[in-house]
Amino acid sequence: MGILTKLCCTLIFNPQINCQMLIQNAIILWNELYLSQKLVNTTDLVEKSEIMAILENGSMQSWGHINFSGEYDFTGILDLMSTFDLDRILELQV
């Protein structure tokens with residue numbers, strides 16, 4: 001069996017890996033949206049350059065700020081999602 005076939009079988013038949021990848025991708029998306037919205041909302045040029053430095057030198061693949069153990073309450077998730085203005089984020093010129 002080739003290496004690609006083994007990888008495909010591992011991904012298809014291992015829901016733990018799929019869940020881990022889904023969670024990691026969701027965190028990366030959240031990080032991107034959060035920092036982009038922060039950039040859109042910032043009018044101070046110094047703060048804007050600090051955010052740009054984070055985006056240029058950092059990694060969106062960071063989840064040290066995420067609590068992976070514990071209880072989560074998603075009852076207010078719709079209110080939270082309205083904090084991202086996707087139209088303004090997409091219009092960003094950096």
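Here each label is just a point 7 Å from Cα along the line to Cβ, and for Asn14 and Ser69 those points are 2.3 nm apart. Sorted on the mean count of surrounding Cβ atoms within 10 Å across their residues, most packed first, peptides 84-90, 32-38 read 32-38, 84-90.
With contacts taken as Cα pairs under 8 Å and at least 6 residues apart, the range 25-90 reaches a relative contact order of 51 percent.
Kindly state, to the nearest 0.05, the FRET efficiency for Thr43 paired with Ile23, given R0 = 30 Å and r defined as their beta-carbon distance. Taking R0 as 30 Å, the efficiency between Thr43 and Ile23 is 0.30.
Each of Asp73, Asp44 was scored by other Cβ atoms within 10 Å of its Cβ. Arranged with the fewest first, they read Asp73, Asp44.
Dividing the convex hull volume of the alpha-carbon atoms in the range 25-90 by its residue count gives 109 Å³ per residue.
Quick note: the coordinates plus some simple rules give every number you see, no bench work behind them. None of these values were measured; they are calculated from a predicted model. So basically every Cβ, Gly included, is an ideal-geometry build from the backbone, and we count neighbours across all protein chains shown.
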